[in-house]
Amino acid sequence: MLTLIPQLGIGAVDLAAAFLFLYGLHRMSSPVTAPSGIFVAGIGMAVAVLASFLYAFDVGAAARPNLPVNLGLAVVALLLGGGVAWWGGRKVAMTAMPQMVAIYNGMGGGAAGAIAAVELFGNKAQGATALVMTLLGALIGAVSFSGSLIAWAKLDGVINKPVRVKGQQVFNGLVLLLTVVVGAYIVVASADSAALILAMPTWIYLFFAFALALGILMTLPIGGADMPVVISIFNAFTGLAVGIEGYVLQNPALMIAGMVVGAAGMLLTLLMAKAMNRSVSNVIFTNFGDVVAHKQGKIKGELKPTQPGDAGIAMRYAASVIIVPGYGLAVSQGQGKLYEFVKLLQMGGVSVKFAVHPVAGRMPGQMDVLLAEAGVPYDMIFQLEDINDQFATTDVALVIGANDVVNPAARTDKSSAIYGMPILNADHAKQVFVIKRGEGKGYAGIVNELFYADNCNMVYGDAQTVLIKMSEAVRGLGLPAVA
Amino acid sequence: MDFQISISGFVAIYIFMLAAFAGWVIIGHVPAILHTPLMSGSNFVHGIVVVGGIYALLNASTVQEQVIGFVAVLFGAGNAAGGYAVTDRMLAMFRTSGHPAGHDAHGKSGSVKSIHAKKH
């Protein structure tokens, strides 16, 4: 009888939380309603966490003596983990958002893996089905945890080169196989405890060691520009792991929330892969960037550098400008200076739009967030399919720190690694300016023939510095503003 | 009356199937411009794992279980709180030309709220 009220309470609150998550995510489908969407989901989370303390009324006899300590530990862990992450999330620069999301995602995967570990070490998962599900959740959660940490290290520049060795895929396959074998052994051995070669905890440690290694090995060879796909995959992985552990704990709120995120992450992953015209497995298993050592046709024309001031003034006298931001803008933190420059152009009556490629930056939609941070209204920001026809009738395309997403080779050069990838038609504009640090190649390691085109001029330098010079030049003209 | 939840076999698969479908449909409607907040928002949603962590920790009977359970709650709480903080911050930044309210570093500007007031 004592357990009846807590069970009812947890059941009702978790049901409400599941609804609030779905409704909150639904409200995120428009920039207007989205802030209230995350708030609604946040309420769901808060009540679910509070209600989970009702589990205290329902603990098993073995854990009852520990209950006061465990309650204290739970509160400390909540405040510590929540507090540090909250502080980090409030502080982090918008340009560092991808690595922050990777960290939080890794934490979720780690939590799912840890729950599975408690179940396994405590021998709480009874029956083959429950055991298999626990192990599956542990595997996916652990891979997501260690993989996300590597993704964070890559995005943060701690690891700045893809680590690739020969036979890596075979080796990774072997590690996966070993993990599965150890997992299968755990299932078989628990059914027939006489068959143990080593003590059970040893096998569980081995299982987690292999799973964690797999996440690291999988992520190490993947390059920076493929990170939008990788982050989406690990987001989906963590969701799946949470959903599966939800089943193990018989908690439908975890099952629903986890699976919703799993499906959402998969959808995003497919969208990102499609935007690169590559399959998901190609992103994960191909050493992209290495394979492009093929001969490339002679490129006609030459690079024509120009001064920032001259380019800025040319844009001030144009009727229309489309700006293509890329990762280089994020690196230089130039988004604020960019919008200052854009406002100067607009005051002069120039029509300015932003064109964002789906995989520009290091996570889906990163450019949109950076522009929003600078204060650019979102009705000035256009996605590839909505703006691509307009380049042909535009005076100036300004490409900032983007390369492969405007490389015409994707349209024409069948031998190119990026052939077939939808690109922004910046080359169709009457005049193109490209702001770029130096003459280096893009992520794909392919020479960009756009840079050599007759209508293209290069402006070398750090994006932020260049944009400041452009603004100075336009101000220096002293032209009257158009109302 | 029994309020103990018991999900097994096909019921679990039904729940998974319906939830996956709901996630797919709901996320399919989100415009590309919101993909980053969407990702961190869904990242926040799987922070619900903290509830499972609390369950595991409260039921821990050995020191080993307590340690791992503590880690589970620590990470789960970090996932949830961090995911909420960054998503909320990002979403507060999106505004239209009609509401060019000055940029507010804390992301809590009135502009987004005033859009709400108009549309609802």
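May I ask you to say which residue of A:F237, A:F208 is open to solvent by less than 40 Å² (accessible area, probe 1.4 Å) and modelled with pLDDT of 90 or more?
Matching residue, one of A:F237, A:F208: A:F208.
Collect the residues in segment B:6-25 that are surrounded by 24 or more Cβ atoms within 10 Å (Cβ to Cβ) and of a type in the set (A, V, I, L, M, F, W, C), keeping them in residue-number order. Walk me through it before giving the result.
If we filter segment B:6-25 for residues that are surrounded by 24 or more Cβ atoms within 10 Å (Cβ to Cβ), which is where we start, we get B:19, B:23.
Answer for segment B:6-25, where residues must be surrounded by 24 or more Cβ atoms within 10 Å (Cβ to Cβ) and of a type in the set (A, V, I, L, M, F, W, C): just B:A19.
What's the number of the only condition in (1) touching a residue at least 40 places away in the same chain (Cβ under 8 Å); (2) open to solvent by 50 Å² or more (accessible area, probe 1.4 Å); (3) in contact with a Phe, Trp or Tyr (Cβ under 8 Å, 6 or more places away or on another chain); (4) farther than 30 Å from A:I418 by Cβ that A:Q169 fails to meet?
In the conditions (1) touching a residue at least 40 places away in the same chain (Cβ under 8 Å); (2) open to solvent by 50 Å² or more (accessible area, probe 1.4 Å); (3) in contact with a Phe, Trp or Tyr (Cβ under 8 Å, 6 or more places away or on another chain); (4) farther than 30 Å from A:I418 by Cβ, A:Q169 misses (4) alone.
Run down B:A85, B:A60, B:A56, B:A81 and say which single residue is assigned to a loop (DSSP other than H, G, I, E, B), at pLDDT 90 or above, at the interface with chain A (Cβ under 7 Å from one of its Cβ atoms) and surrounded by 23 or more Cβ atoms within 10 Å (Cβ to Cβ).
Exactly one residue qualifies, and that residue is B:A60.
Could you please give the count of residues in segment A:36-52 that are within 7 Å of another protein chain (Cβ to nearest Cβ) and over 25 Å from the mean Cα position of the chain (by Cα)?
Selection size over segment A:36-52: 3.
State all residues of segment B:1-28 that are at the interface with chain A (Cβ under 7 Å from one of its Cβ atoms) and not in a helix (DSSP H, G or I); if no residue qualifies, say none.
B:F3, B:Q4, B:I5, B:S6, B:I7
Does segment B:29-37 contain at least one residue that is farther than 17 Å from A:A241 by Cα, assigned to a helix (DSSP H, G or I) and in contact with a strand residue (DSSP E or B) (Cβ under 9 Å, 6 or more places away or on another chain)? Before the answer, list the steps.
Restricting attention to segment B:29-37, the residues satisfying the condition of being farther than 17 Å from A:A241 by Cα are B:29-37.
Imposing the further condition that a residue be assigned to a helix (DSSP H, G or I) reduces the set to B:32-37.
Among the residues that remain, those that are also in contact with a strand residue (DSSP E or B) (Cβ under 9 Å, 6 or more places away or on another chain) are: B:32-33.
Looking for residues that are farther than 17 Å from A:A241 by Cα, assigned to a helix (DSSP H, G or I) and in contact with a strand residue (DSSP E or B) (Cβ under 9 Å, 6 or more places away or on another chain), one finds at least one in segment B:29-37, hence yes.
Would you check if A:A397 is without any contact (Cβ under 8 Å) to a residue 60 or more places away in the chain and either in contact with a Gly (Cβ under 8 Å, 6 or more places away or on another chain) or open to solvent by less than 10 Å² (accessible area, probe 1.4 Å) (or both)?
Working: without any contact (Cβ under 8 Å) to a residue 60 or more places away in the chain: no; either in contact with a Gly (Cβ under 8 Å, 6 or more places away or on another chain) or open to solvent by less than 10 Å² (accessible area, probe 1.4 Å) (or both): yes.
So A:A397 does not fit the description; no.
Is it the case that some residue within segment A:347-366 is surrounded by fewer than 23 Cβ atoms within 10 Å (Cβ to Cβ), β-branched (V, I, T), over 26 Å from A:G461 (Cβ atoms) and more than 14 Å from chain B (Cβ to nearest Cβ)?
No; the residues of segment A:347-366 include none that is surrounded by fewer than 23 Cβ atoms within 10 Å (Cβ to Cβ), β-branched (V, I, T), over 26 Å from A:G461 (Cβ atoms) and more than 14 Å from chain B (Cβ to nearest Cβ).
Going by the structure shown, is A:G113 open to solvent by less than 10 Å² (accessible area, probe 1.4 Å), assigned to a helix (DSSP H, G or I), under 18 Å from B:I26 (Cβ atoms) and more than 7 Å from chain B (Cβ to nearest Cβ)?
In short, no.
Quickly run through segment A:72-101 and pick out the residues that are among the aliphatic types (A, V, I, L, M), assigned to a helix (DSSP H, G or I) and at pLDDT below 95.
A:M94, A:A96, A:M97, A:M100, A:V101
Condition first: at pLDDT below 95, part of a helix (DSSP H, G or I) and either more than 21 Å from A:G365 (Cβ to Cβ) or more than 7 Å from chain A (Cβ to nearest Cβ) (or both). Can you find one or more residues in segment B:100-112 that meet it?
Within segment B:100-112 (the criterion being at pLDDT below 95, part of a helix (DSSP H, G or I) and either more than 21 Å from A:G365 (Cβ to Cβ) or more than 7 Å from chain A (Cβ to nearest Cβ) (or both)), the answer is yes, since at least one residue qualifies.
Condition first: more than 7 Å from chain B (Cβ to nearest Cβ), in a helix (DSSP H, G or I) and open to solvent by 50 Å² or more (accessible area, probe 1.4 Å). Can you find one or more residues in segment A:24-35 that meet it?
No, there is no match, as no residue in segment A:24-35 is more than 7 Å from chain B (Cβ to nearest Cβ), in a helix (DSSP H, G or I) and open to solvent by 50 Å² or more (accessible area, probe 1.4 Å).
What are the residues in segment A:229-253 that are more than 18 Å from the chain's Cα centre (by Cα) and of a type in the set (A, V, I, L, M), if any?
Residues satisfying the conditions are A:V242, A:I244, A:V248, A:L249, A:A253.
If we keep just the residues of segment A:307-327 that are surrounded by fewer than 21 Cβ atoms within 10 Å (Cβ to Cβ) and not in a helix (DSSP H, G or I), which is farthest from the chain's Cα centre (by Cα)?
Step by step, filter segment A:307-327, then rank; the result is A:Y317.
The values are calculated or read from the model by the stated rules, or taken from the named source; none is laboratory data. Small disclaimer: the values here were computed from a predicted structure and weren't measured. When we count neighbours, we look across all protein chains shown, and the Cβ atoms used for this are built from the backbone with ideal geometry, even at glycine. The area values use the complete protein model at the heavy-atom level, side chains included, leaving out ligands, DNA and RNA. Shrake-Rupley method; radii C 1.70, N 1.55, O 1.52, S 1.80 Å.
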